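J.: I'd like to ask some things about the structure below.
The values are calculated or read from the model by the stated rules, or taken from the named source; none is laboratory data. Keep in mind that this is a model prediction, so the values were computed, not measured. Note that each Cβ is placed from the backbone with ideal geometry, even for glycine, and that neighbours are counted across all protein chains shown. Heads up: the accessible areas ignore ligands, DNA and RNA and are worked out on the full protein's heavy atoms, side chains in. Shrake-Rupley method; radii C 1.70, N 1.55, O 1.52, S 1.80 Å.
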Amino acid sequence: MQALITLTTDFGTRDAYVALMHGVILSICREARIVDITHAVPPQDIVSAAVMLPAVARYFPPGSIHVVVVDPGVGSERRAVALEAGGSYFIGPDNGVFSLIWEQADFSQGSGSRRAVALTESRFWLPDVSRTFHGRDIFAPVAAHLACGAKLADLGPPVTDLLPAPVPRPVRSGATSLDGEVIIVDHFGNCISNISHDDLAQLGTLAEMEVFAGEQSFGPIRRTYAEVALGERLALFDSNNRLECARRNGNAAASFDLRVGSPVRVRHR
Amino acid sequence: MQALITLTTDFGTRDAYVALMHGVILSICREARIVDITHAVPPQDIVSAAVMLPAVARYFPPGSIHVVVVDPGVGSERRAVALEAGGSYFIGPDNGVFSLIWEQADFSQGSGSRRAVALTESRFWLPDVSRTFHGRDIFAPVAAHLACGAKLADLGPPVTDLLPAPVPRPVRSGATSLDGEVIIVDHFGNCISNISHDDLAQLGTLAEMEVFAGEQSFGPIRRTYAEVALGERLALFDSNNRLECARRNGNAAASFDLRVGSPVRVRHR
Amino acid sequence: MQALITLTTDFGTRDAYVALMHGVILSICREARIVDITHAVPPQDIVSAAVMLPAVARYFPPGSIHVVVVDPGVGSERRAVALEAGGSYFIGPDNGVFSLIWEQADFSQGSGSRRAVALTESRFWLPDVSRTFHGRDIFAPVAAHLACGAKLADLGPPVTDLLPAPVPRPVRSGATSLDGEVIIVDHFGNCISNISHDDLAQLGTLAEMEVFAGEQSFGPIRRTYAEVALGERLALFDSNNRLECARRNGNAAASFDLRVGSPVRVRHR
């Protein structure tokens with residue numbers, strides 16, 4: 001079966017950077033199949049990529065190889081790693097981008113379900129490694145070799161400590177409130193918070209909660225956009241079970257001046 | 001032969017939404033081949049997607065499965081459908097996006113060449129269907145099952161009435177004029193109207209017509225951009241035989257303040 | 001083995017133009033594999049595409065077919081060509097976009113390593129050729145036929161003179177300075193010049209040089225971004241060995257008002 005490699009970067013698609021990674025992979029492992037996740041991670045935004053990755057891993061087939069290159073430390077002493085967690089593989093810089101994947105594998109399936117290695121075996125890299133583009137020169141070729149038969153353990157020595165990502169956690173504020181913040185503004189202007197369905201279930205009955213973001217009430221937690229009139233504010237869980245503040249058929253971020261970091265509060269009424 | 005699935009959405013490529021559809025498809029039907037048409041349909045712009053679809057169907061191989069998710073009604077009672085029309089398959093919400101495909105199949109090849117079903121058989125969906133992302137949870141898995149052997153009739157009961165799209169039609173204005181409007185502004189700033197070559201053939205001799213858009217004359221109908229000097233206005237038929245107002249090596253929309261909805265008039269001189 | 005076709009255009013990805021090229025290729029050569037290099041070449045910017053192409057050719061497997069459609073002269077008398085150079089194939093308008101590929105093949109491997117033909121054999125095109133979209137109607141089908149067994153010599157008669165691209169060359173200014181300019185501003189705001197590592201090796205010892213761009217000194221030539229503090233200016237060779245002026249974890253172009261054409265000077269201290 002064709003191995004499947006996905007690519008997530010902050011390279012944009014204006015230049016040929018991403019395409020060169022495709023070329024390198026196909027030069028080493030012609031039968032690999034490549035899917036671009038996104039190349040519009042905000043430049044050097046490790047949190048944003050870290051938060052996106054668990055959903056990607058969940059919806060791709062087991063055994064997929066996910067390459068993530070958001071790499072502000074390229075060329076410095078930062079470590080490069082490959083890991084297997086929850087049945088999928090991940091390759092990239094060790095800068096926190098894999099932290100949620102790593103923690104969830106430990107939590108959900110026991111420590112046997114995860115292992116990591118440092119990328120030190122240069123025979124799996126391109127012969128000439130630049131100082132500025134390890135996506136092309138190290139991560140893409142390592143992924144291609146893994147796709148075409150190399151074993152994780154071949155790539156370098158085991159490591160057990162990965163760097164954490166600075167993903168903010170929601171905090172309780174008194175007995176009846178939870179304070180979080182917007183961590184992603186998506187293409188539609190929907191404002192996705194760091195508050196999960198599970199976080200709120202611990203606070204009380206969902207039907208009795210009211211959601212605030214910035215200066216506005218977004219009302220109770222809805223089940224679907226269509227529960228409010230066109231142009232109205234609403235709150236609901238997004239497709240990954242995170243609380244989202246939205247405007248029906250509109251752009252909540254632009255309309256209500258919300259951005260990454262804007263406070264989101266849920267109050268038990 | 002590998003089945004071919006195309007994706008057209010208004011999801012953008014900044015988030016991982018589109019990629020999750022790829023992952024779902026490949027998890028169900030690993031050998032399917034996926035082509036992204038565009039994910040930059042203006043948010044919730046059903047007309048724009050409806051107008052784009054006939055050209056897509058025409059230039060892809062017969063049997064291709066075209067998934068279109070421009071879905072402002074997601075989570076409401078709007079129907080989900082799959083159809084076969086003119087030798088290709090189409091999957092998405094029943095909100096008008098397939099109306100031109102549906103009408104053209106009827107017109108060009110007789111009613112035998114088209115059929116549609118409502119998507120009700122949940123065994124072809126993901127086990128957990130969210131309220132906000134049917135692209136991932138219903139449309140992608142249905143396409144994957146169709147690509148890997150399910151029959152159209154398996155997906156749900158037949159339907160015969162599809163919702164129309166509010167695509168504006170050009171109107172005659174006296175004996176010598178036809179009034180249309182800009183329906184697409186493309187990447188180059190070319191302004192494509194709802195006036196087709198056939199519409200104008202009914203008005204008279206093409207060589208005797210003059211085209212106006214906004215406040216400007218765009219002159220007679222040309223055959224190629226190169227017929228006018230750099231920077232000059234011109235009108236010509238686009239690669240899908242729709243009348244287009246352009247500026248040679250320039251951006252007509254920005255230069256002449258044209259946008260979707262701007263009037264386009266053709267006058268027989 | 002599956003043939004590999006890459007696509008580089010200035011079409012953007014908002015419209016379906018690029019996707020129609022995919023559809024045409026797959027209709028003719030279903031097993032071809034297609035990789036999008038970029039569709040965000042600045043509209044009609046031949047230099048930008050010409051400069052990008054050697055790196056693309058270098059990192060893709062031998063035998064790849066690179067289609068480049070940056071084609072301001074579409075519909076005029078400009079010639080369409082296909083060439084083999086350095087082991088890869090190239091297809092597109094003869095407007096200078098292949099000039100660097102053509103020159104390098106001559107220089108590096110002798111004249112036997114390159115040949116070109118004019119595209120005149122219309123049996124390899126779509127039956128109806130529009131005046132405005134040769135990417136879909138000529139270049140994509142020619143690439144597909146080449147991928148599925150046609151020979152270069154079948155496509156049309158040989159040509160030996162290709163149009164040059166107006167890529168600026170750096171010039172010596174006295175014994176100790178080299179004057180170049182910014183030719184690409186990438187997604188990160190890095191400003192890539194037309195000065196190569198080889199150009200500077202002829203000027204003297206790299207460790208004794210200082211780089212200036214616009215009104216600013218970017219200091220000596222560094223080996224990696226991490227050699228300077230966050231937010232600091234630096235100069236280094238990019239991943240294709242061209243001198244680049246950057247700002248660590250920042251956008252040099254926006255910060256220092258640099259753009260394509262801004263002067264870059266290197267001075268031997």
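J.: Describe numerically, in nm with one decimal, the distance between label points set 7 Å from Cα along Cα→Cβ at C:GLU215 and at A:ARG169.
T.: Spacing of the two 7 Å Cα→Cβ label points: 4.9 nm.
J.: Once you put a point 7 Å from the Cα of B:ARG58 and another 7 Å from the Cα of C:ARG269, both along the Cβ direction, what distance in nm separates them?
T.: 6.4
J.: With a 1.4 Å probe on protein heavy atoms only, work out how much accessible surface A and B bury together, total over both chains, in Å² to the nearest 100.
T.: Counting protein atoms only, the buried area is about 2700 Å².
J.: Any idea how far apart B:THR176 and C:LYS151 come out in nm if each label point goes 7 Å out from Cα toward Cβ?
T.: 6.0
J.: Right, next: By how many degrees, between 0 and 90 and to the nearest 10, does the Cα long axis of helix B:17-28 differ from the longest principal axis of chain B?
T.: It works out to around 40 degrees.
J.: In debye, nearest 20, what is the charge dipole magnitude of chain C about its Cα centre with +1 on Lys and Arg Cβ and -1 on Asp and Glu Cβ, if you could check?
T.: With only Lys, Arg, Asp and Glu charged at Cβ, the dipole is about 280 debye.
J.: Let me ask another. Roll a 1.4 angstrom probe over the protein heavy atoms and tell me the percent of accessible area of chain A that is carbon or sulfur.
T.: C and S atoms contribute 49 percent here.
J.: While we're looking at this one, here's another question. Positive end of the charge dipole of region C:153-269 (Lys, Arg +1 and Asp, Glu -1 on Cβ, about the Cα centre): tell me which of C:PRO157, C:VAL171, C:LEU236 has its Cα farthest that way.
T.: Of the listed residues, the answer is C:LEU236.
J.: Here's another thing I want to ask about it. Give me a single rounded figure for B:52-63: the average over its residues of other chain Cβ atoms within 10 Å of their Cβ. Working shown, then result.
T.: Details: counts 4, 1, 0, 7, 5, 1, 3, 13, 7, 6, 1, 0.
Whole-number average of other-chain Cβ neighbours for B:52-63 is 4.
J.: Hey, what number do you get for the protein assembly as shown at 222 nm if only DSSP H runs of n ≥ 4 count, each worth -39500 (n - 2.57), divided across all residues, to the nearest 500? Present the calculation step by step, with values, prior to reporting the outcome.
T.: Details: 18 runs with 165 residues, N = 807.
Here the helix-only value at 222 nm equals -6000 deg cm²/dmol.
J.: Mind ordering A:10-23, C:28-41 by average Cβ neighbours within 10 Å, highest first?
T.: A:10-23, C:28-41
J.: Per residue in region A:166-196, which ones lose no less than 30 Å² of accessible surface when going from chain alone to all protein chains (1.4 Å probe)?
T.: So the qualifying set is A:ASP186, A:HIS187, A:PHE188.
J.: Compare the Cα positions of A:MET21, A:SER99, A:VAL51 along the charge dipole of region A:4-115 (+1 at Cβ of Lys, Arg; -1 at Cβ of Asp, Glu; about the Cα centre) and return the one farthest towards the positive end.
T.: Projecting each Cα onto the dipole axis, the largest value belongs to A:MET21.
J.: Separate question: If Lys and Arg each add +1 and Asp and Glu each add -1, what is the summed charge of the other residues whose beta carbon sits under 12 Å from the beta carbon of C:SER173?
T.: Overall, the nearby charge balance is +2.
J.: Treating the beta-carbon of each Lys and Arg as +1 and of each Asp and Glu as -1, no other charges, what is the dipole magnitude of region A:1-101 about its Cα centre, to the nearest 20 debye?
T.: Approximately 200 debye in magnitude.
J.: Continuing with this model, one more query. From other protein chains only, count the Cβ atoms within 10 Å of every residue's Cβ in B:24-33, then give the mean. Working shown, then result.
T.: Details: counts 3, 2, 9, 7, 1, 0, 5, 3, 0, 6.
So the per-residue partner count for this stretch is 4.
J.: Same structure again: Lys and Arg at +1, Asp and Glu at -1: add these up for the other residues within a Cβ distance under 12 Å of B:ARG78 and post the number.
T.: Result for the local shell: -2.
J.: Tell me, what is the per residue accessible area of chain B in Å², probe radius 1.4 Å? Show your work: numbers first, answer last.
T.: On the way: 10530 Å² over 269 residues.
Averaged over the residues of chain B, the accessible area is 39 Å².
J.: Applying the Karplus parametrisation 6.51 cos²θ - 1.76 cosθ + 1.60 with θ = phi - 60° to the phi angles of region C:168-180, what ³J(HN,Hα) value in whole Hz is obtained for each residue in order, glycine and proline being reported as x?
T.: Couplings: x, 10, x, 10, 5, 10, x, 7, 10, 10, 10, 10, x Hz.
J.: Relative contact order (percent) for chain C, with alpha-carbon contacts under 8 angstrom and 6 or more residues of separation? Please list the in-between numbers first.
T.: Details: 578 pairs, mean separation 42.0, N = 269.
In percent, rounded to a whole number, it is 16.
J.: I need the phi-derived Karplus couplings for region C:121-134: 6.51 cos²θ - 1.76 cosθ + 1.60, θ = phi - 60°, integer Hz, Gly and Pro marked x.
T.: Karplus-based 3J(HN,Hα) across region C:121-134 equals 7, 6, 5, 9, 9, 5, x, 9, 9, 6, 8, 10, 9, 6 Hz.
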